[in-house]
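Quick note: the coordinates plus some simple rules give every number you see, no bench work behind them. All values reported here derive from a predicted model rather than from experimental measurement. Cβ: placed from backbone, ideal geometry, glycine included. Neighbour counts: every protein chain shown.
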């Protein structure tokens, strides 16, 4: 039996509480959110030199500037309600939806992976206000993001530990258009 992923949502929820509304559509609304984000955060072009999240996480130290490729994971709605904080996964890690024959109804939680693998392949990404706190946003459309989207993050490592914690203060977000 598959285990629900707790490590992916644990860090953001410890700080901001759990939301009972997980079934949001995650579509349209980028223009609403972008008005609340600092200028230049949403990138029109994919930044060069980005590496997979797991590679960056393996070598980055607190304070390092980083660029990495990832997928949105952990929750149906990418951002914690009311805060610009999300969990991302290394793009090489298959979601349950990528596994042939897997009919998991919530593939974005990566419940088909062990906690150890998830700890090595996840990061918490947050967008901060001028006071250094996660932005408070009304993100009905979740910046146009939805679960399992492919993204590139630019930012600075805020925190990390040997247990898998890896927090990045993002200064740039590129959303790949698939299709």
| query | How many nm is it between the label spots at residue 55 and residue 163, if each spot is 7 Å from the Cα in line with the beta carbon? | reply | 2.9
| message | Run the numbers for residue 130 and residue 171: contour at 0.36 nm per residue of separation, minus the present Cα-Cα distance, in nm. | response | 13.6 nm
| task | Give me the distance in nm between label points sitting 7 Å out from Cα along the Cα-to-Cβ direction at residue 115 and residue 98, one decimal. | result | 2.3
| query | Fewest to most neighbouring Cβ within 10 Å: what's the order for 39, 55, 90, 161? | reply | 39, 161, 55, 90
| Taking the Cα centre of each part, how many Å lie between segment 149-179 and segment 47-67? | 9
